[in-house]
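J.: Below: one structure in structure tokens.
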Amino acid sequence: MSTPLQDRIARQVAQIPRSGIRDFFDLVQGRDDVISLGVGEPDFTAPWHIREAMIYALERGQTTYTSNLGLISLRKSISKYIAGHCGVTYDPAREILVTVGVSEALDLACRALLNPGDEVIYHTPCYVSYSPSIVMAYGVPVVVETRVEDEFVLRADDVAAKITPKTRMLMLNFPTNPTGAVEPLEELEKIAALAVKHDLIVVTDEIYSELTYEGSDGLKPRRHHSIAALPGMKERTILLHGFSKAYAMTGFRLGYACSPPVLTEAMMKIHQYTMLCASIMSQLAGVEALENGAPEVEKMRKSYAQRRNLMLRKFGEMGVPCFPPGGAFYAFPDVRRFGLSSKDFALRLLEEESVAVVPGSAFGTAGEGCVRACYATAIDKLEVALERIGNFVSRLQ
Ligand code: PMP
């Protein structure tokens, strides 16, 4: 008698849940009436000059593998860009690995550094892939909750309370998906001091760092502070970044990890046997993005800022509390006063008004009570969606 197929699935894989976002969006499939504020993807197409760089690559017949680390021209552009944007310098020859999105880089960081049973501290609500990436690398996820009342600041004291002799790694994401929170520099400094004191490796996912909003209208960008640039941190940090968000290049599947040579080499070993390299056409487009993309990024950021303001104003008018996000393109309004779970709120909003948002619980238990609404959606659609949400909540009052 043969073993049932479900018993063939590796324990590490069997135990991880399907993404709560995907589950929810199966419900939306095939429904044209629905306005989706669900998927975390820019509504812009990648800027034309970046697409053109890929077209030229194909025209020139640049269709080969590249070095496992990625094209040296791209690594040089990344090095220059990160020095300017984050204030920390990486050697293009030995400290930068080009990956298939930040998704792959996260997986590589976990697999290269964790031994079975090693604990990894991360903050929630958070991006859905952190816990599964840790579990698939045989690590133990340890959650630190952040709270809406505290504007989702990650408190160093809360991190300290979770450190044990088994803690090896700390995973950070600022600006944060799904809350839009940006960590205050003073708190980031305290967290860096903890990492040094307890000899932790820090994996910092800074994929939203160009999309920040300062001031009451959010029209100015904020200065980005990377933990990698703080004293004593470069040597214990893996800085992850990519092209999906700021350059609207999700489909190019391009990201990178910057870290000391020993860590880069370890991640590269996994990458060379599993991915070999990121697509050369995408890498050439990445060079163009970094060298000439800044004006387009700023145009898109300003457009997000305007939509963010619209959302905040409308939620305010509806009496739905929503903290002003400092970055990314998500609003994370607090819907607790309506007495529904975040999942029921989202399901009823979908059924009754055909607007899709993601229940906060999909991002960890700390997300319960809120919903994530992505404002990277055309402004006319956003206006209609907000009107429908307004109708829905006025019936719930
Ligand atoms: N990190 C965060 C915080 C994200 O929100 C996302 C995408 N939603 C990713 C990583 C994955 O990005 P990529 O397209 O570079 O794999």
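J.: For a quick check of your reading of the model, give me the residue pairs whose first member lies in the stretch 150-166 and is farther than 26 Å from Gly326 by Cα, whose second is open to solvent by 40 Å² or more (accessible area, probe 1.4 Å), with beta-carbon atoms closer than 6 Å and at least 6 apart or on different chains.
T.: Listed pairs, sorted by first residue: Ile163/His198.
J.: Identify the residue in the stretch 205-217 that is outside any loop (DSSP other than H, G, I, E, B) and surrounded by fewer than 24 Cβ atoms within 10 Å (Cβ to Cβ) and, among all such residues, is modelled with the highest pLDDT. Outline the logic, then answer.
T.: Initial filter on the stretch 205-217 (outside any loop (DSSP other than H, G, I, E, B)): 205, 212, 214.
Still in the list and also surrounded by fewer than 24 Cβ atoms within 10 Å (Cβ to Cβ): 212, 214.
Details: Thr212: 97, Glu214: 92.
Applying the filter and picking the extreme gives Thr212.
J.: Residues that are out of contact with any Leu (no Cβ under 8 Å at 6 or more places or on another chain) and more than 11 Å from the ligand (Cβ to nearest atom): does the stretch 167-177 have at least one?
T.: no
J.: With the condition kept exactly as written, say whether any residue in the stretch 96-110 is among the aliphatic types (A, V, I, L, M), open to solvent by 40 Å² or more (accessible area, probe 1.4 Å) and more than 15 Å from the ligand (Cβ to nearest atom).
T.: No: zero hits.
J.: Would you tally the residues in the stretch 236-247 being more than 11 Å from the ligand (Cβ to nearest atom) and under 14 Å from the mean Cα position of the chain (by Cα)? It would help to see each step written out before you state the result.
T.: Here is the first cut: in the stretch 236-247, the ones more than 11 Å from the ligand (Cβ to nearest atom) are 236-239.
Add one more test, that the residue is under 14 Å from the mean Cα position of the chain (by Cα), and what stays is 239.
Summing the residues that are more than 11 Å from the ligand (Cβ to nearest atom) and under 14 Å from the mean Cα position of the chain (by Cα) in the stretch 236-247 gives 1.
J.: Cβ contacts < 9 Å: first residue basic (Lys, Arg), restricted to the stretch 78-104; second residue part of a helix (DSSP H, G or I) and away from the ligand (no atom under 16 Å from the Cβ), any location; separation 6+ or different chain. Result?
T.: These pairs meet every condition: Lys80/Glu291; Arg94/Pro261; Arg94/Thr264; Arg94/Glu265.
J.: Something else now. Just one of Leu239, Leu188, Leu172 is modelled with pLDDT of 95 or more and either part of a helix (DSSP H, G or I) or open to solvent by 10 Å² or more (accessible area, probe 1.4 Å) (or both); which is it? Explain how you work it out, then say what you get.
T.: On the way: Leu239 fails: either part of a helix (DSSP H, G or I) or open to solvent by 10 Å² or more (accessible area, probe 1.4 Å) (or both); Leu172 fails: either part of a helix (DSSP H, G or I) or open to solvent by 10 Å² or more (accessible area, probe 1.4 Å) (or both).
The unique qualifying residue is Leu188.
J.: Please list, ordered by first then second residue, the pairs with beta carbon atoms under 7 Å, 6 or more apart or interchain, first in the stretch 290-314 and of a type in the set (S, T, N, Q), second at pLDDT 95 or above.
T.: From residues that are of a type in the set (S, T, N, Q), the pairs are Asn292/His49.
J.: Right, next: Looking at (1) open to solvent by less than 60 Å² (accessible area, probe 1.4 Å); (2) more than 15 Å from Ala109 (Cα to Cα), find the lone condition where Arg253 falls short.
T.: (1)
J.: Next up: Could you go through the stretch 115-128 and let me know if any residue there is within 21 Å of the chain's Cα centre (by Cα) and assigned to a helix (DSSP H, G or I).
T.: There is no residue in the stretch 115-128 that is within 21 Å of the chain's Cα centre (by Cα) and assigned to a helix (DSSP H, G or I).
The values are calculated or read from the model by the stated rules, or taken from the named source; none is laboratory data. Note that the structure is predicted; figures quoted are calculated from it, not measured. Glycine gets a Cβ as well: all are built from the backbone with ideal geometry, and neighbour counts include every protein chain shown. Ligands, DNA and RNA are stripped out before the accessible areas are found, and what is left, the full protein with its side chains, is counted by its heavy atoms. Shrake-Rupley method; radii C 1.70, N 1.55, O 1.52, S 1.80 Å.
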